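The values are calculated or read from the model by the stated rules, or taken from the named source; none is laboratory data. Just so it is clear, the structure is predicted and the values come from calculations on it, not from any experiment. Here Cβ is always computed from backbone atoms with ideal geometry, including for glycine, and neighbour counts include all displayed protein chains.
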Amino acid sequence: MIAETPDELLVFAKYPQAGHCKTRLARGMGTANALRVYRALLHHTLTVAGALPCRKILMADPPAHAQDGADWAPGMDAYLPQAQGDLGTRLTAAFAASFARGARKSIVIGCDCPQISKESIVSSFTALNDCDAVLGPTEDGGYYLLGLKEGRPALFQNIPWSTGQVLEQTLNILKIHSLSYISLNAFSDVDTLEDFERVRHLEPLKHLGIG
């Protein structure tokens with residue numbers, strides 16, 4: 001049983017296993033290097049999360065690795081499996097469960113963004129005082145952060161996941177439903193070799209010495 005809490009951070013994370021994470025990146029730099037990049041990004045995300053005063057929930061994929069989450073993703077308050085289904089189904093379920101636990105505000109992030117910081121997440125929680133949603137856009141047309149104050153299943157329906165239209169479609173849905181939102185600074189996800197080359201100089205990645 002997870003105690004009620006006013007604010008929750010949901011961290012969507014893949015178990016760091018070669019060949020099962022950063023597969024598009026692996027096509028450009030090889031499986032071993034892609035795993036090194038993912039481990040660095042995962043460590044960065046967990047370090048940022050650990051500095052936050054909210055409750056931190058790791059949402060594990062594959063679901064079976066929630067039970068050993070403390071071994072590969074230490075420092076979180078709880079470890080839960082992601083739901084089965086596409087990303088929209090998993091996000092819908094994660095937000096619904098968060099609010100069912102009593103969360104007043106809930107923010108979801110992945111482990112792909114080297115620029116995410118404690119400040120960006122804290123400011124997102126604060127921004128939710130004045131709007132229905134907070135979005136952190138990525139350079140490739142997706143988003144690295146989404147914050148809500150209640151479940152909004154419509155935001156995750158009929159979205160072309162893993163394409164450059166994710167953010168645009170999400171913004172259209174917000175407008176259709178007359179939901180107010182605040183957009184944060186655009187950051188880069190690291191999904192491809194081109195993405196990596198753009199951000200390899202940043203602190204979480206610059207020590208890797210790849211390439």
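Restricting attention to region 158-178, which residues are more than 17 Å from the chain's Cα centre (by Cα) and among the aliphatic types (A, V, I, L, M)?
Once the filter is applied, which keeps residues that are more than 17 Å from the chain's Cα centre (by Cα) and among the aliphatic types (A, V, I, L, M), region 158-178 yields L171, I173, L174, I176.
Could you check region 135-151 and list, in sequence order, the residues that are in a loop (DSSP other than H, G, I, E, B) and crowded, with 21+ Cβ neighbours inside 10 Å?
Scanning region 135-151 gives a single hit, G142.
Anything in region 3-34 that is assigned to a helix (DSSP H, G or I) and either of a type in the set (S, T, Y) or touching a Cys at 6+ places or on another chain (Cβ under 7 Å) (or both)? List them, or say none.
T23, T31
When you scan region 108-124, do you find a residue that is over 17 Å from F187 (Cβ atoms) and within 16 Å of the chain's Cα centre (by Cα), even just one?
Within region 108-124, none of the residues are over 17 Å from F187 (Cβ atoms) and within 16 Å of the chain's Cα centre (by Cα).
Looking only at region 103-125, filter to residues that are of a type in the set (S, T, N, Q) and part of a loop (DSSP other than H, G, I, E, B); which one of those is surrounded by the most Cβ atoms within 10 Å (Cβ to Cβ)?
Restricting to residues being of a type in the set (S, T, N, Q) and part of a loop (DSSP other than H, G, I, E, B), the top hit is Q115.
Let me confirm something: among P160, P204, which residue is touching a residue at least 12 places away in the same chain (Cβ under 8 Å) and over 30 Å from G102 (Cβ atoms)?
From the options P160, P204, the qualifying one is P204.
List the number of the failed condition for S178; all other conditions in (1) part of a loop (DSSP other than H, G, I, E, B); (2) buried (at least 16 other Cβ atoms within 10 Å of the Cβ) hold.
The failed condition is (2).
Are there any pairs with C-beta distances below 6 angstrom linking a residue in region 39-57 that is in contact (Cβ under 8 Å) with a residue 60 or more places away in the chain and under 15 Å from E203 (Cβ atoms) to a residue that is surrounded by fewer than 21 Cβ atoms within 10 Å (Cβ to Cβ) and of a type in the set (K, R), with the two at least 6 apart or on different chains, and if so which?
Between residues of region 39-57 that are in contact (Cβ under 8 Å) with a residue 60 or more places away in the chain and under 15 Å from E203 (Cβ atoms) and residues that are surrounded by fewer than 21 Cβ atoms within 10 Å (Cβ to Cβ) and of a type in the set (K, R), the close pairs are V48/K118; A51/K118.
Within region 89-102, can one find any residue that is surrounded by 15 or more Cβ atoms within 10 Å (Cβ to Cβ), modelled with pLDDT under 95, out of contact with any strand residue (DSSP E or B) (no Cβ under 6 Å at 6 or more places or on another chain) and outside any helix (DSSP H, G or I)?
Looking for residues that are surrounded by 15 or more Cβ atoms within 10 Å (Cβ to Cβ), modelled with pLDDT under 95, out of contact with any strand residue (DSSP E or B) (no Cβ under 6 Å at 6 or more places or on another chain) and outside any helix (DSSP H, G or I), one finds at least one in region 89-102, hence yes.
Do we have L52 as closer than 23 Å to L146 by Cα, out of contact with any Gly (no Cβ under 7 Å at 6 or more places or on another chain) and in a loop (DSSP other than H, G, I, E, B) here?
Spelling it out, L52 is indeed closer than 23 Å to L146 by Cα, out of contact with any Gly (no Cβ under 7 Å at 6 or more places or on another chain) and in a loop (DSSP other than H, G, I, E, B).
For the structure I just gave you, tell me whether D130 is within 15 Å of the chain's Cα centre (by Cα) and among the acidic types (D, E).
no
Checking K56 against (1) surrounded by 15 or more Cβ atoms within 10 Å (Cβ to Cβ); (2) closer than 24 Å to T192 by Cβ; (3) within 16 Å of the chain's Cα centre (by Cα), only one condition comes out false. Which one?
So K56 meets the others, but not (2).
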